[in-house]
Structure formats: C-alpha cells, structure tokens
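All remarks here apply to the structure that follows.
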Amino acid sequence: MTNQTANGGRPPFAAYGPASAGYGPGAPVTVPPTIGPAAPGAPAPWPSPGSPPNGSASPAGARPPRRGLGITALVLACVGAIAAFTASPLAWLLLVTALVLAIVHLARRGGARVPAVIAIVIVGFGVFIALIAAVVSGFTSAGSGVDSAPDPETDTYTLAQRLSLPPDRGSESELAWGTAQTIIDSDTGDDVWSIRTLAPIDITSETFSASGSLVATPVEITNLTDETIDSDAWQLRFSTSYRLSDGTYADAAYDPAVTDLYPSRYDITDVAPGATVTFYVVHDGSIAEADEGSVEVGLYSGDIITWTATGG
C-alpha cells in the first residue's frame, strides 16, 4: 500500500517537512535594515528600545509642569503679607485664599511644587504679622478710649459740671425754707437759674396708692438766662434728696398717682426765660420727721445746697 496522491505527486505531509515554510534549518533568515529609509512596500522597522511607542513625541517635546495655581497662590500670599502690617481684614482674606490655592496645587500631580511651598511659607509669616498688628491695634484703641475726654458739645454730664455756686454769693451753710440761691455758669460767670425750697407739706390725707405717710417738699427754679432751657439740657442736671434728722436719706416716692399732682424733677418741661417751675421731693414719712430733716440739691460741680427749718 502506497501513500500517494491521485496525481502521483508528493504526499501531503511533504509540505510540512523541515525545509518548508522557512522554518527548517536550511531556510535563509532575512534581517530588516535598521538604518536608512525603508524600501517602498517594506514593513516598518522595529522601534529601538529608547524611542517612545506609537510614534509619539520625544521627551524633549514633553508638556511642561503646571504652575498656574502655584504662581497665583504666591502672588496672593505676598500681597496678603504686606496688607497684614495694616491690620486690615483684607489681609486675612488674601492669606486664606493663597493657602487654599497652594494646597490644591500641591495635591495635583505633575505640577511645579516650589511656588506653592514658598506661598505657604509666606502665608505663615503673614498670619504672624496680622496677629501682632491686631494686638497692637487693640491696645491702641483701648488706650485712646480711656484717655479721650468726652466731647463738651454733646456730653451733658461734662457741661453740667459748669453749674456752681457764685464765689461771692454762695452759701456754705444751711438755708432756711424759702431762701433763694443763685446758680451760675462757672465758664462764663453768667446766672443760669435761681432755686429755693419751701417748707414740706403733709399729703398723707390725700388718696394715693403709696403706703404709709407721705410728705412733699416743693422746690422752685427760675430761669435767669435769655434762652429757653430744654428739659433735657445740661442746665437742669442736678440731684435732689431728703435727709432725715438721723443722717439717713428717705426713700423717694415716684408713684404715678402722686407725681400726677406733685411732679418730680424728672417731669420738668421746657423753662422759658424768666419763668418759674415747681417740682416736689416726695418721700415716705411723717410731717414731724420732715420738719426736722433737710432737702439737699447736689450739683455736678460738687456743690451742695441745703435747706432746713433751722437754716439761715
């Protein structure tokens, strides 16, 4: 039995022999050229180990590292550090923004780290300067608030200190009920008003909501200036009190039912030139005790005027 094809050729396995298809030892090996241009239609040469794949650009043409956020952070940090010397709130805004941009830049890959790192260092310096400037500014403001004098044009307390007794007409002793005392403006020497206290009266028999006995002492003031004295003006700033015979001060009664008929000094309205207004010092107590006590009017200058039944 023979193993031949129908046409008498070689057996089929002969095509897969050692010398076929260029795989056998006798098959010549052709090496493609590595230098010079390839012939038309020839396969492309195998890339060398040092060249980038797929025909990409060489390392010399690679994309430069990104510096945008880092440079921006550096500029903002410098401006914020300069503004920190002025204790301006803008400095904090610039420094915080620069710090955020620097951190974001460092978190990215492929970016230049030097500008962002320098920005963070400058931010730290700026924060230190801003804190010192804030402390210095706070001490300066506190010092100016303590040492600054009140504005005499608006501070009624300061202006009221000008009310005083006249040097040649003042009385350092107690005055009798009904004796008038002139008050002057110590800055100009002009008369401001005249004041006198009348004898106390018993108002216990009248119907009031206040408990106990009530005594009201009338006080009259007369405007001696050429202008109307406003109820809130410094010319009407003074204190009144009733001192008992034992040296203690009686509690003033400000019941609305009482002040409607016997207004206090807080109820004084505008006083026209030459006009006289009356207010009352009302306190709990008997009329007998009131006759032995005294009424004191204190001025902001430190002068005190006293009226008693035995004064004179």
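The values are calculated or read from the model by the stated rules, or taken from the named source; none is laboratory data. All values reported here derive from a predicted model rather than from experimental measurement. For neighbour counting, all protein chains shown are included, and Cβ atoms are generated from backbone atoms with ideal geometry for every residue, glycine included.
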message = Taking the criterion of being under 48 Å from the mean Cα position of the chain (by Cα), acidic (Asp, Glu), at pLDDT 85 or above and more than 18 Å from ASP185 (Cβ to Cβ), would at least one residue in the range 261-280 satisfy it?
response = yes
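Determine whether the range 284-294 contains at least one residue that is within 16 Å of TRP193 (Cα to Cα) and in contact with an Asp or Glu (Cβ under 7 Å, 6 or more places away or on another chain). Even if it seems obvious, please write down each step before you answer.
Of all residues in the range 284-294, those within 16 Å of TRP193 (Cα to Cα) come to none.
No, that holds for no residue.
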ask   = For THR259, are the conditions met, namely being assigned by TED's automatic domain parsing to the domain that holds ARG196, over 27 Å from THR310 (Cβ atoms), surrounded by 14 or more Cβ atoms within 10 Å (Cβ to Cβ) and of a type outside the set (Phe, Trp, Tyr)?
value = yes
message = Of the conditions (1) at pLDDT below 60; (2) part of a helix (DSSP H, G or I), ALA98 satisfies every one except a single condition; which number is it?
response = (1)
Matching residues in the range 254-285 - criterion: being in a helix (DSSP H, G or I) and of a type in the set (D, E, K, R) = ARG265, ASP267
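Considering only the range 256-264, I want to know if a residue exists there that is within 18 Å of TYR300 (Cβ to Cβ) and free of Cβ contacts under 8 Å to residues at least 40 places away in the same chain. Talk me through it step by step, then tell me what you get.
Step one: list which residues in the range 256-264 are within 18 Å of TYR300 (Cβ to Cβ), which gives none.
No.
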message = I'd like to verify a number: residues in the range 286-301 that are outside any helix (DSSP H, G or I) and buried (at least 21 other Cβ atoms within 10 Å of the Cβ), how many?
response = 4
task = Would you be able to tell me the number of residues in the range 212-238 that are surrounded by fewer than 18 Cβ atoms within 10 Å (Cβ to Cβ) and modelled with pLDDT under 90?
result = 7
ask   = Just checking, how many residues over the range 281-312 are under 46 Å from the mean Cα position of the chain (by Cα) and of a type outside the set (Phe, Trp, Tyr)?
value = 12
